Amino acid sequence: GYVIDLGQLRDIVEREVVSQVDHRNMNLEVPFLAGTNPTAENIVVACWREIAPLVAPATLTRLRLWETENNYVEYEGR
């Protein structure tokens with residue numbers, strides 16, 4: 001068994017994060033980043049805050065944001 005259907009997770013991420021940030025000025029057009037310097041580290045924390053409550057009763061354990069092919073940040077909710 002599994003805790004959450006991966007299709008549901010994909011839909012949550014698409015709706016709550018990707019559709020909000022894709023081709024947008026993160027300094028001006030993304031409500032969940034308002035007042036935040038949009039560094040990769042800050043973006044991954046903000047994304048966590050958007051996604052984590054919506055996957056309950058599952059629990060996010062790690063979120064990875066790729067900046068480039070060789071550079072990424074990970075957040076574990078701490």
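Data overview
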{"quantity": "Check: the chain dipole with +1 on Lys, Arg Cβ and -1 on Asp, Glu Cβ, in debye", "calculated": "180 debye"}
{"quantity": "Length added when fully stretched, E69-L6, from 0.36 nm per residue minus Cα-Cα", "calculated": "20.3 nm"}
{"quantity": "Accessible heavy-atom area order of E41, E74, highest first, probe of 1.4 Å", "calculated": "E41, E74"}
{"quantity": "For I4, distant residues with modelled amide H under 5 Å away", "calculated": "none"}
{"quantity": "Rounded to whole Hz, the Karplus (6.51, -1.76, 1.60) HN-Hα couplings of segment 39-47, x for glycine and proline", "calculated": "7, 4, 5, 6, 5, 5, 5, 5, 5"}
{"quantity": "Relative contact order (%) - criterion: Cα under 8 Å, at least six apart; region: the chain", "calculated": "26 percent"}
{"quantity": "Heavy-atom accessible area per residue - the chain, 1.4 Å, Å²", "calculated": "73 Å²"}
{"quantity": "Accessible area of the chain belonging to carbon and sulfur atoms, whole % at 1.4 Å probe", "calculated": "48 percent"}
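The values are calculated or read from the model by the stated rules, or taken from the named source; none is laboratory data. Just so it is clear, the model here is predicted, and its values are computed rather than measured. Cβ: placed from backbone, ideal geometry, glycine included. Neighbour counts: every protein chain shown. These accessible areas exclude ligands, DNA and RNA; they are computed on the full protein's heavy atoms, side chains included. Shrake-Rupley method; radii C 1.70, N 1.55, O 1.52, S 1.80 Å.
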